[in-house]
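Right, one structure below, let's go through it.
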Ligand code: NAD
C-alpha cells in the first residue's frame, strides 16, 4: 500500500480508539457525574482527535465527539424537554497566542469595532430556565444541546433560582442560560455533613453489633464540587425515604447559579410592553411599558439581574484585546479566590447583531471562545454522588 493509504488506515484506527475512549468518559461525566480522567487529560484526547480529523476530514463525521454538545441522555428517569433554542458548547483555546489569533479573526469577520464581554468560566453544570409571563415554566439540563432533562421538580428546592421574576418588562417567553455550581463554602459544608452522617451511620451499625472492619461507607466524601453539583441536581425524589429526601433537598438548597446567556427571547407580537398578566394576576402588568432594547449581551444580563436572576459580579465589558489578555492573566493568578471553581475565561463579542451575523458551528458559537487555564495538578477523582441513589 502507498504511504498515504497507510497513513489513513493508521489515522482511522487511532480515531476509532480515541472515540471509544472519549465516549466512555463522556457517558460517565454527563450521565453519572463521575470523572474517570482529569479534564486536562480529556481535553488532550479531544485535541488529538481534532488534529487527526483536520488531517483526514473524511474521518470527521457529525457523530464525532469533536462535533457534539454534551452527550445524549442516559436517563436518570426525568422527562425530556426540547429547548426552544439550541444550547451550545464553546470552542477552546489553550494559549494567549491562540486567544489573540481567535480575536483577530473574529474582528475581521465582524468588520467593525467590537467590545469584549469577558467572563469567568464557571466549572459547573449548564442549565436552561424557561420563563413564561414571568413565571418559571421549565428548568432543563443541556443534554445533547437540543433535548435535555426536565429537572423542574428539583429546582423548587433551589432558592437561587426564582420561580417568579421581579420587576417588569420581561419578554413573554424567554430562556435564561447559566451554570449551576456549588460554592467552595457550600462544598465544604456538604462534606462536613457527609462526615457527620457517616459517623451516625457507623454508630448505628456498632449499636447493632457490626464489627468495626465491616462498617460500610454509606456517606463517602465528595471528590469535587462540579460533579457533586451535577449529581445533586440530577437526583430523583422517587423511591427515596423521607430521610433521604430531606438530604437531597438540603443538597439542592446549597446549589448556586450564575447566568451566562440567553436562548429564545420572545417579545410581545405587537412590540409593546414586553410582559403580560401573570396567571395569578399579581403585579398587574403595564401594557404600555417600553420594550427594553437589547443591543448587547451585557444588556440582557443587566435586565435579568433587575428581574431577580443571578448574574456574575465578575463579568467585564472590555474595549481592547490587550485588556482581555490582562483580564485572563489577572483572573488566572487568582483562580482559587472566587466563590466558585473556574477552568478558564470566556470571551464573547458583546453586540447581539454580530452574534446573528457570525452564527455558529455544529457545536459552538463563532462569536465566543473559552480560554482554558493550564492544569495545576493531575489527580484521579474517586466517587461522587451517583445519580439515583
Ligand atoms: P466546555 O466546558 O468547554 O465549555 C462550554 C460550557 O461552559 C458551556 O456550555 C457552559 O455551560 C459553560 N460555561 C461556564 N461559564 C460560562 C460562561 N461564562 N459563558 C458561557 N458558558 C459558560 O464544554 P462542555 O461541552 O461543557 O464540556 C466539555 C468539557 O467538560 C471538557 O473540556 C472537560 O473539561 C469536561 N469533561 C470532562 C470529562 C472527564 O472525564 N473529566 C468528560 C467530559 C467532559
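Just so you know, all these numbers are worked out from the coordinates, no wet-lab data involved. Just so you know, these numbers come straight off a predicted model, no measurement behind them. Cβ: placed from backbone, ideal geometry, glycine included. Neighbour counts: every protein chain shown.
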message: Run the numbers for residue 246 and residue 323: contour at 0.36 nm per residue of separation, minus the present Cα-Cα distance, in nm.
response: 23.0 nm
- prompt: From a point 7 Å beyond the Cα of residue 236 in the direction of its Cβ, which residues of the stretch 72-100 have a backbone N at a distance under 19 Å?
  reply: 72-82
statement: Per the 1/(1 + (r/R0)^6) rule, R0 = 30 Å and r from the Cβ atoms of residue 27 and residue 47, FRET efficiency to 0.05 is 0.90
statement: residue 206 and residue 218 label points (each 7 Å along its Cα→Cβ direction) are spaced in nm at 1.5 nm
- prompt: How high is the FRET efficiency from residue 62 to residue 105, r the C-beta distance, R0 22 Å, rounded to 0.05?
  reply: 0.40
- prompt: By how many nm would the segment from residue 166 to residue 10 grow when fully extended, if each residue of separation counts as 0.36 nm and the alpha-carbon distance is taken off?
  reply: 50.3 nm
- line: At q = 0.09, 0.13 Å⁻¹, the log10 of I(q)/I(0) for the chain from a Debye sum over equal Cα scatterers comes to -0.60, -1.18
field: Helix-only mean residue ellipticity at 222 nm for the chain, each DSSP H run of n ≥ 4 adding -39500 (n - 2.57), per residue, nearest 500
entry: -11500 deg cm²/dmol
- prompt: What order, most packed first, do the peptides 178-185, 121-128, 41-48, 218-225 have when packing is the mean number of other Cβ atoms within 10 Å of each residue?
  reply: 121-128, 178-185, 218-225, 41-48
task: Could you calculate the FRET efficiency of residue 199 with residue 137 from 1/(1 + (r/R0)^6), where r is the beta carbon distance between them and R0 is 56 Å, rounded to 0.05?
output: 0.85
message: Given 10 °C and 1.306 mPa s, compute D for the stretch 115-207 with the Stokes-Einstein relation, Rh being the Kirkwood radius over Cα pairs; round to the nearest whole µm²/s.
response: 98 µm²/s
- line: Rounded to one decimal in nm, the spacing of the 7 Å Cα→Cβ label points at residue 80 and residue 112 is 4.1 nm
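What full-extension length gain, to one decimal in nm, is calculated for residue 353 and residue 373 as 0.36 nm per residue of separation minus the Cα-Cα distance? Could you put the intermediate results ahead of the total?
Numbers: separation 20, 0.36 × 20 = 7.20 nm, distance 2.95 nm.
Contour length minus Cα-Cα distance gives 4.2 nm.
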message: Between the stretch 136-196 and the stretch 25-61, what is the separation of their alpha carbon centroids in Å?
response: 27 Å
- prompt: From a point 7 Å beyond the Cα of residue 335 in the direction of its Cβ, which residues of the stretch 185-202 have a backbone N at a distance under 19 Å?
  reply: 185
message: Can you compute the label reach from residue 54? Point 7 Å from Cα along the Cβ direction, backbone N cut-off under 16 Å, restricted to the stretch 348-370.
response: 370
field: Three semi-axes of the equivalent ellipsoid, the stretch 1-76, Cα gyration tensor, whole Å, largest first
entry: 27, 12, 10
